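Data block below; observations after.
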Amino acid sequence: MNASEKWNLQGIGMTSQRTRNRMVDRLKEQGIENEELLTLMARMPRHIFLDEALSHRAYEDISLPIGYQQTLSQPWVVARMTELLLTLPERPKKVLEIGTGSGYQTAILASLFDQVISLERIAGFQPKAKERFQALTLNNIQLHHADGYQGWDEKAPYDAIVVTAAPESVPPQLLEQLAEGGIMVVPVGSGEEQWLTRVCRSESGHQSEVLESVHFVPLQPGLV
Ligand code: SAH
């Protein structure tokens, strides 16, 4: 069996191309404009990032459970965060992601940017995510079992940092590891009060801008 058959990459019924196209139509209605990103999301088999029992719901505009009390972010949130990275005058090359989870956001990033380093505190997520990247022949991803509060100093600075779980305030190590001219997208806050925040680093320091209200699982310290 080849990877495409094993993973049902193309999908059928509720996971088919038609369903993906409908998701993309909704993303456009919700204000996502970048054509390259929309084309990519129409192609990316989101259903393989979920357990089989849930895969038929993959293209609904909701977040979905992936185990360990974590969630795969809703399509709009993934699109919005990624689109913000595409607004820079120069396309980021090296991207740090905090919170690999299912690997869906990682796969989107790896399809657009040269190099993606993704950190995850729950080791149990990594084998599945790796298999999915292999099935999609994405070879530019490095996964590390590490605490995202610390970032990943070894490969810093990063042109872009994407945080897919919410800290109460932006971790200082991540600010330090952001390159000059770089962008960080991070949900900041706790409980029901979270705001998607864009931090840009220039010669003169960091500038933060609060965007939409969002709902992410909390960024948690320590490894599991
Ligand atoms: N982006 C992923 C997962 C979103 S859920 C997806 O769409 O599937 C948030 C993820 O962040 C979870 O996998 C959680 O374990 C991880 N996480 C939470 N705190 C973390 C930390 N301090 N360091 C690294 N990962 C963390």
>> Here is a check on your reading of the model: is ARG121 open to solvent by 20 Å² or more (accessible area, probe 1.4 Å), over 18 Å from MET184 (Cα atoms) and within 14 Å of the ligand (Cβ to nearest atom)?
In response: yes
>> Return the residues of the stretch 88-122 that are within 14 Å of PHE49 (Cβ to Cβ) and out of contact with any strand residue (DSSP E or B) (no Cβ under 7 Å at 6 or more places or on another chain); say none if nothing qualifies.
In response: GLY103, ALA107, ILE108, SER111
> Does LEU54 satisfy the criteria of being under 15 Å from the mean Cα position of the chain (by Cα) and outside any strand (DSSP E or B)?
Replying inline: no
> From the list LEU64, LEU109, which one is over 20 Å from THR39 (Cα atoms) and either in contact with a Ser or Thr (Cβ under 7 Å, 6 or more places away or on another chain) or modelled with pLDDT of 95 or more (or both)?
Replying inline: LEU64
>> Tell me the residue from SER118, SER169, SER190, SER208 that is modelled with pLDDT under 95 and of a type outside the set (Asp, Glu), please.
In response: SER190
>> Which condition from (1) surrounded by 20 or more Cβ atoms within 10 Å (Cβ to Cβ); (2) under 15 Å from the mean Cα position of the chain (by Cα) is the one that GLY182 breaks?
In response: (2)
> Filtering the stretch 204-217 down to residues that are farther than 15 Å from LEU175 by Cβ and either part of a loop (DSSP other than H, G, I, E, B) or among the aliphatic types (A, V, I, L, M) (or both), which residue is farthest from the ligand (Cβ to nearest atom)?
Replying inline: VAL210
> Do we find a residue being touching a strand residue (DSSP E or B) at 6+ places or on another chain (Cβ under 9 Å) and either over 21 Å from ALA165 (Cα atoms) or not in a loop (DSSP other than H, G, I, E, B) (or both) anywhere in the stretch 37-48?
Replying inline: yes
> Can you tell me which residue in the stretch 73-99 is nearest to the ligand (Cβ to nearest atom), limited to those that are open to solvent by 10 Å² or more (accessible area, probe 1.4 Å), in contact with a Phe, Trp or Tyr (Cβ under 9 Å, 6 or more places away or on another chain) and not small (Gly, Ala, Ser)?
Replying inline: VAL77
> MET14 passes all but one of (1) open to solvent by less than 90 Å² (accessible area, probe 1.4 Å); (2) touching a residue at least 40 places away in the same chain (Cβ under 8 Å); which number fails?
Replying inline: (1)
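The values are calculated or read from the model by the stated rules, or taken from the named source; none is laboratory data. None of the values given here were measured: they were computed from a predicted structure. Every residue, glycine among them, receives a Cβ derived from its backbone with ideal geometry; neighbour counts consider all protein chains shown. For accessibility, only protein heavy atoms count, side chains too; no ligands or nucleic acids. Shrake-Rupley method; radii C 1.70, N 1.55, O 1.52, S 1.80 Å.
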